[in-house]
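Novice: Dropping the structure in here first, questions after.
The values are calculated or read from the model by the stated rules, or taken from the named source; none is laboratory data. Every value quoted in this text rests on a predicted model; they were computed, and no experiment measured them. Cβ placement follows ideal geometry from the backbone for every residue including glycine, while neighbour counts extend to all protein chains displayed. In case anyone asks, the SASA skips ligands and DNA or RNA and just uses the protein heavy atoms, side chains included. Shrake-Rupley method; radii C 1.70, N 1.55, O 1.52, S 1.80 Å.
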Amino acid sequence: MDLWRQFVASNWGREFVAGGAGGTAGVLAGYPLDTLRIRQQNSAGESAFTILRSALVKEGPCSLYRGMFAPLASVTFQNAIAFQTYATLSRAIDGGREEPPSFGSVALGGIGTGATQSLLLSPVELLKIRLQLDNKAGTLRGPRDVARSIIRSEGWRGIYRGLGITVLRDAPSHGVYFWTYEYVREQLHPGCRKAGDETLRTMMVAGGLAGVASWVCCYPLDVIKTRIQAQSSSSYSGMVDCFATSVRREGYSVLWRGLGTAVARAFVVNGAVFAAYETALRCIYK
């Protein structure tokens, strides 16, 4: 118990615990929409409603939560690391001052955070995507079964399929993500970055808009990442080949397929993430 009190008494510990709470809230709030997004990106152009209806009729409601264990088990830790890394980097870039970091430091801290967390996030998303696209219930039993299958057919390198494009997606999008959140909440509630007295509605709106902005700026890269990670090693030689093949077969509109679902999910998920994060911080400080 003493170790726990010492842990949460430090800035590192507070950011870690609050980030974990935010990550858990985000997964629980938006996973069904994430499943629809993944299936849309890997489809031949079906609408979200068509995919939803087909999944419910053929596979049942639980299909929308297939593969949730992998991100739920890891996102708490991943988000904890992400928020703690962001807080450390943004303060360090800004010179370690006590007042809130400048918006430029916030953006640079976010970029560094996105690049760093990709090392953990890439294999988790690979397992999640394979499970979400498994439309034959029971074919793949869970993340461990998927991992074994990938290692057996593609080797250990297969677990990190799509790492390069994950870094290209996450580094700039996290810069946009954290900058948008800090900017919007300050506009909605002037002075709250220093006082920490913003309302729950401000947290949710600022977090939701941050999520939307970060997804819009990186969405084509996310579509390519999904297609690379969904397929076996023989499908694409790399991200350039995946981009060229997808555009040649389906046109440039394929790069924005599922954007509506992603935006809706981003607002819900990131509103929940930041609301849980800020609320957890206040509870810990008390």
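Novice: Do you know which of the residues in the range 97-111 that are open to solvent by 20 Å² or more (accessible area, probe 1.4 Å) and either farther than 13 Å from residue 180 by Cα or aliphatic (A, V, I, L, M) (or both) is modelled with the lowest pLDDT?
Specialist: To start, the set of residues in the range 97-111 that are open to solvent by 20 Å² or more (accessible area, probe 1.4 Å) comprises 97-104, 107-108, 111.
Keeping just the survivors that are either farther than 13 Å from residue 180 by Cα or aliphatic (A, V, I, L, M) (or both) gives 97-101, 107-108, 111.
Working: 97: 68, 98: 61, 99: 75, 100: 86, 101: 88, 107: 95, 108: 95, 111: 96.
Among those that are open to solvent by 20 Å² or more (accessible area, probe 1.4 Å) and either farther than 13 Å from residue 180 by Cα or aliphatic (A, V, I, L, M) (or both), it is 98.
Novice: Let me ask you something else. Return yes or no: is residue 153 of a type in the set (Gly, Ala, Ser), more than 30 Å from residue 56 (Cα to Cα), part of a helix (DSSP H, G or I) and modelled with pLDDT of 90 or more?
Specialist: On the way: of a type in the set (Gly, Ala, Ser): yes; more than 30 Å from residue 56 (Cα to Cα): yes; part of a helix (DSSP H, G or I): yes; modelled with pLDDT of 90 or more: no.
Judged against the criteria, residue 153 is not a match.
Novice: Which one of 56, 89 is of a type outside the set (Phe, Trp, Tyr), assigned to a helix (DSSP H, G or I) and within 23 Å of the chain's Cα centre (by Cα)? Give the derivation first.
Specialist: Details: 56 fails: within 23 Å of the chain's Cα centre (by Cα).
Answer to the check: 89.
Novice: Which is part of a helix (DSSP H, G or I), polar (S, T, N, Q) and surrounded by 15 or more Cβ atoms within 10 Å (Cβ to Cβ), of 35, 50? Steps first, answer last, please.
Specialist: Working: 50 fails: surrounded by 15 or more Cβ atoms within 10 Å (Cβ to Cβ).
Residue meeting the stated conditions: 35.
Novice: So how many residues does the range 53-73 have that are among the hydroxyl-bearing types (Ser, Thr, Tyr) and in contact with a Pro (Cβ under 9 Å, 6 or more places away or on another chain)? Step through it out loud before you land on a result.
Specialist: Start the filter on the range 53-73 by keeping residues that are among the hydroxyl-bearing types (Ser, Thr, Tyr), which leaves 54, 63, 65.
From what's left, in contact with a Pro (Cβ under 9 Å, 6 or more places away or on another chain): 65.
The qualifying residues number 1.
Novice: Take residue 161 and decide whether it is modelled with pLDDT of 85 or more and either of a type in the set (Lys, Arg) or open to solvent by 50 Å² or more (accessible area, probe 1.4 Å) (or both). Give the steps one after another, and end with the answer.
Specialist: Details: modelled with pLDDT of 85 or more: yes; either of a type in the set (Lys, Arg) or open to solvent by 50 Å² or more (accessible area, probe 1.4 Å) (or both): yes.
So residue 161 passes the test.
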